[in-house]
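Following: one structure in structure tokens, then a few remarks.
Quick note: the coordinates plus some simple rules give every number you see, no bench work behind them. The structure displayed is predicted, hence computed values, not measured ones. Backbone-built Cβ (ideal geometry, glycine too); neighbour counts: all protein chains shown.
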Amino acid sequence: MNERRMFGLWDSPVTPKSLAASLRLAEPTWDTDGQTLAWVEGRSDRGLIVVQDIAGGAIRDLTPGELSVRASVGYGGGDFTLAHGVAYFVAQGNQRIYRQELAGGPARPITPAFGAAAHPVVSPDGRWLAFVHSYEDVDAIAVVDTEGRHWPARLASGRDFYMQPAWHPDGDRLAWVEWDHPNMPWDGTDLKLGQLAFPEGVPPALASSETIAGGKQIAAYGPTFTHDGQALVFATDETGWGQIYRRELATAATKQLTSGEAEHAEPAWTQGMRRFAVTGGGRIIAIRNERGFNRFVSIGPDGDVRDEGSRHPEYTALASPAASPVHDRVAFLGASGVQPPRVATLDFATEAPAEVRRRSDTESIPADALSSPEAVSWTSFDAEEAHGLYFAPASDGFEAEGAPPLIVLVHGGPTSQVQAGWNQQAQFFTTRGYAVLVPNYRGSTGYGRDYMLKLRESWGVYDVQDAKTGAEMLAERGLADRSRLIIMGGSAGGYTVLQSLVDVPGFYKAGICLYGISNQFILASDTHKFEARYSESLLGPLPEAAARYRDRSPLFHAEKIVDPVCIFQGDIDKVVPREQSDAIVASLRARGVPHEYHVYEGEGHGWRKAETIEDFYTKCDRFLRQHVLFA
């Protein structure tokens, strides 16, 4: 069989241009009327707020063309909110919060241009806006009036980090989550409930506060008040899994609502994240994650839990549920392995199926031409179990003899998880004849707290070995060609690529590294505030763990890299600065190791520009044809 025909290199329905043209959809949000729905659309390197009257109104852009919507506290997120016919959003660049009437008119700033803002939330009476603020590495919960007449004031400060502010329906209390270095928000956080005071003529102030959940070794997440004001709903992982709780405010009685070996929270990498919501009808609608596959569950006021997975069979990956304040209706982002993301709504007061509000692409590719992920597990090098997702080669027009080449696609984080949703990279490669393994190696989330903690001081070991043994497992089952294994990843996943090429040279035919870490010392001293002490848990504190940092830094062992590698980097990346890639490339160049190096101007920690995305996939395809398929 002709090799070109076998892999369908020029005939795949998933093209670089089609991936570059896709919309990024985020943060579906309701106005207080329960009829107006809005979300953020990423179009190339710009973010816009889009609104729709769900009774049948047309979808329209809201924010003006000269402003791009994007918050920048930490990794971003928490871009906007709606209330009483007004959108409040954070503008990329100056990071001011703007007020935009849904009925039209100009957007005008209500906060000054200093620091960065995120996750704005409006008080029930519409007078005040609380938000997360960061300025010169000092974070706080701040408040400003919604007309912008007063200078913003700090409500809560003194801790290293804040997230997820939420107003009580009476407007006299505020809940939020806070924590300190060296913890990350999945290590341990405090959930606070504060009582507010309202001095005449100035913004409200914090009169008192108490810690009601969480701790140094317990991660609290997502405080949300019930609409009747009687209770606070939140999640913690104190049982070893992210479970949902309800705390009665009058009595402080707290009840665990969910159970089992499933996750109902997630690592809070960005502001504004949600995994559950409380509807106007009093239901809690939550996402239940089991082995990377998601489904909704609903929890009634009496605490009964109902599996709602049959209501959305087309979606196995769910995100950002937003509950209507007046109905039992939820807006969310839905996707599957063969279904690109959509904004959809689901009415839990009826048996009607989910309604699609917005598609991220044309959805012109039939599902049988794509690859559906399968949950897999295997025994790793030390006899412990590792997990992941397997995507088989997908093609309705090509067949081949023998096992396919395999791409081991390593996720970032490293405290993260790839779930059973739309995976652009996996689909790009499976429709070209590759198999893809996404190892949710030990240290990943989604499999309980103990599994996540496995990576403590073991970064560069379990990720490398679980990826390797996962590839070996597939080869033993005849699902991968052992002579054509490829490893690919970005950020922490890019680090695993480089460390794998150091530790197991010759095992992989080639590597593709996106903004990967080459020097752990530089990462510990030159990254953004959010991750400034992340390495203390992954490798240990300095200077005590200096030997481990050196041993797990690919740059200091770069002479062991002999396999072809393609490296991509954004020139304004603040998380993994360009010098990390420059240094490893200098070593490759000096020793004549086959490699390519591509630096994208104006790109940071991940690609946003359509032209960058198209070029990236084109170059990946060309590199693998040269060094793997036709080598």
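Lysines within cross-link reach of K192: Cα-Cα under 19 Å, excluding same-chain residues under 8 positions apart? Partners found: K216, K255. For the chain, the longest principal axis of the Cα atoms and the long axis of helix 610-624 meet at an angle of about 30 degrees.
So for the chain, averaging the separation of alpha carbon pairs under 8 Å that are six or more residues apart and normalising by length, what relative contact order in percent results? Each step should come with its number before you reach the end.
Details: 1622 pairs, mean separation 59.4, N = 631.
Taking the mean separation of contacting Cα pairs over the length of the chain, I get 9 percent.
A Cβ-based charge dipole, computed about the Cα centre of segment 197-335 with Lys and Arg at +1 and Asp and Glu at -1, lands at about 180 debye.
Note on segment 284-355 and segment 437-503: Cα centroid distance 31 Å, given to the nearest whole angstrom.
Which order do the peptides 513-523, 153-163 come out in when sorted by mean C-beta neighbours inside 10 angstrom, highest first?
On the way: 513-523: 25.1, 153-163: 19.4.
Taking the mean over residues of other Cβ atoms within 10 Å, the ranking is 513-523, 153-163.
Cα axis of helix 578-591 to longest principal axis of the chain: angle in degrees, 0 to 90, nearest 10? Taking the Cα atoms of the chain, the angle to 578-591 is about 0 degrees.
Sort the following peptides by mean Cβ neighbour count (other Cβ atoms within 10 Å, averaged over residues), highest first: 341-353, 418-430, 47-59.
Listed from highest to lowest mean packing, they are 418-430, 341-353, 47-59.
Given charges of +1 on the Cβ of Lys and Arg and -1 on the Cβ of Asp and Glu, with all other atoms neutral, how large is the dipole of the chain about its Cα centre, in debye to the nearest 20? Mind showing how you got there, number by number?
Details: 59 positive and 80 negative charges, 153 e Å.
That gives the chain a dipole magnitude of about 740 debye.
Legend: calculated FRET efficiency, R591 to A547, from the Cβ-Cβ distance at R0 = 22 Å, rounded to 0.05, equals 0.30.
How big, on average over all directions, is the shadow cast by the Cα convex hull of segment 237-324, in nm²?
For the Cα atoms of segment 237-324, the hull's average projected area reads 6.6 nm².
Look at the dipole of segment 517-631 built from charges on Cβ: of F568, G606, G540, the Cα furthest out on the positive end belongs to G540. Ordering F521, S209, A510 by the projection of their Cα atoms onto the charge dipole of the chain, which places +1 on the Cβ of Lys and Arg and -1 on the Cβ of Asp and Glu, puts A510 at the extreme positive end. Applying 1/(1 + (r/R0)^6) with r as the Cβ-Cβ distance of H181 and T254 and R0 = 22 angstrom yields a FRET efficiency of 0.20. Straight-line reach from K529: taking Cα to Cα under 17 Å and skipping same-chain neighbours fewer than 8 places apart, the lysines in range are K574. Between E611 and E314, the modelled label-to-label distance comes to 3.5 nm, taking each label 7 Å out from Cα in the direction of the beta carbon.
Loop only per DSSP, at most 13 neighbouring Cβ atoms within 10 Å: give me the GluC sites (Glu not before Pro) in segment 167-236, ordered by residue number.
On the way: sites: E178, E200, E210; in loops: E200.
Here the sparse-neighbourhood loop sites are E200.
Quick one: helix 492-503 against the long Cα principal axis of the chain, what's the angle to the nearest 10°, folded into 0 to 90? So the inclination is approximately 30 degrees.
Rg and Dmax of segment 1-120, both derived from C-alpha coordinates alone, stand at 18.5, 65 Å.
The ellipsoid that matches the Cα gyration tensor of segment 61-162 has semi-axes, each √(5λ) in whole angstrom, of 21, 15, 11, with the longest given first. Consider all pairwise Cα distances in the chain and report the whole-number % of them above 42 Å. The proportion of pairs with Cα distances above 42 Å equals 21 percent. Measuring between their Cα centroids, segment 603-631 and segment 50-74 lie 30 Å from each other. Segment 208-225 and segment 236-280 have Cα centres spaced 10 Å apart. Think of segment 292-426 as a dipole: +1 on every Lys or Arg Cβ, -1 on every Asp or Glu Cβ, centred on the Cα centre; then among P313, Q339, V356, V356 lies furthest on the positive end.
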